[in-house]
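Accompanying notes for the structure given below.
Laboratory data are not the source of any read-out in this text; all were calculated from the coordinates shown. None of the values given here were measured: they were computed from a predicted structure. Note that we place each Cβ from the backbone using ideal geometry, even for glycine, and neighbour counts take in every protein chain shown.
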Amino acid sequence: MATEGDPTDFIKVLHLLVISFTWGMQVWVSFIAGFVLISQVSMHTFGLVQSKLFPFYFYCLLGGNAVNLAIYAVYHPRELLDWHEGVQWFGPSATESMLVMQEIEKEHGLGGQVGMSSNKEGYTKLREQDPKYKEHRTTFYHYHGLSNLCNLVGFFATTTNLIYLALHLGTI
């Protein structure tokens, strides 16, 4: 239902706080936390942290974006709102493949080293020798790449929205 009049100051502040929170969280998780963790913990620990962090992260993004969309929709009504539900979940599939990969890596003494560049030969050899590992690695990187692409698109969309809001503060 469209609301008559301008939004209250509380709604304007809420809108800016939620979008700023969402944007800050995207910057931290996408660009900072991963680089800090990858250089400080083993690959398996890094993967486990991501598998626990990402569901919470995606739910926070979903909630923040839902609040922003709701506020925008209420104060910027459109005659035709075409809603398509096309939510795709890459996280569970990527996590499942990662856990299988980690089990195989543990069997071969891999995954305990810190940093990504350690023991590349061991991983290459394992990939060449074990078709199950190669299959799960391909699946993991496929979903991981799609997830990263979606995250970057979301980040740029949030950044664009934030820039637009900043340039039009009087019309929020």
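Computed FRET efficiency, Cβ-Cβ of HIS142 and LYS106, R0 30 Å: what is it to the nearest 0.05? Each step should come with its number before you reach the end.
Values: r = 22 Å, r/R0 = 0.75.
Step by step, r from the Cβ atoms, then E = 0.85.
Which of these, GLN113, GLN102, GLN26, has the largest mean-square fluctuation under a Gaussian network model of the chain (Cα springs below 10 Å)?
GLN113
Sorted by packing (mean other beta-carbon atoms within 10 Å per residue), highest first, where do 153-160, 16-23 land? Walk me through the numbers before you get to the answer.
Values: 153-160: 14.4, 16-23: 17.2.
Descending packing order for the listed peptides: 16-23, 153-160.
Specify the residue with the greatest mean-square fluctuation among GLU121, GLU105, GLU135, computed from a Gaussian network of the chain linking alpha-carbon atoms under 10 Å apart.
Top of the fluctuation ranking is GLU121.
Assuming R0 = 41 Å, can you tell me the calculated FRET efficiency for the pair GLU121 and PHE31, based on Cβ-Cβ distance, to the nearest 0.05?
Details: r = 29 Å, r/R0 = 0.72.
About 0.90, to the nearest 0.05.
So if I place +1 on the C-beta of Lys and Arg and -1 on the C-beta of Asp and Glu, and nothing else carries charge, what would the dipole magnitude of the chain be about its Cα centre? I want it in debye, nearest 20.
On the way: 10 positive and 14 negative charges, 105 e Å.
About 500 debye.
List nothing, just return the count: lysine pairs in the range 9-171, 8 or more apart or interchain, with Cα separation under 18 Å.
Values: LYS106/LYS120; LYS106/LYS125; LYS106/LYS132; LYS106/LYS134; LYS120/LYS134; LYS125/LYS134.
Count of close lysine pairs: 6.
Which of the helices in the chain meet the span-like rule: DSSP H, Cα axial reach of 20 Å or more, Kyte-Doolittle mean at least -0.5?
Working: long enough: 9-27 (27 Å, 1.24); 43-75 (46 Å, 0.91); 91-107 (24 Å, -0.45); 131-167 (53 Å, -0.05).
TM-like helix candidates: 9-27, 43-75, 91-107, 131-167.
So what is the relative contact order for the chain, in percent, with contacts set as C-alpha pairs under 8 Å and at least six apart? Intermediate values should be presented prior to the final figure.
Working: 112 pairs, mean separation 62.7, N = 172.
Result for the chain is 36 percent.
Taking only Cα atoms and a 10 Å spring cutoff, compute GNM fluctuations for the chain and point out the largest among VAL100, VAL74, VAL27.
VAL74
Would you be so kind as to identify which of LEU61, SER20, ASN119 lies farthest towards the positive end of the dipole of the range 9-171, taking Lys and Arg as +1 and Asp and Glu as -1 on Cβ and the Cα centre as origin?
ASN119
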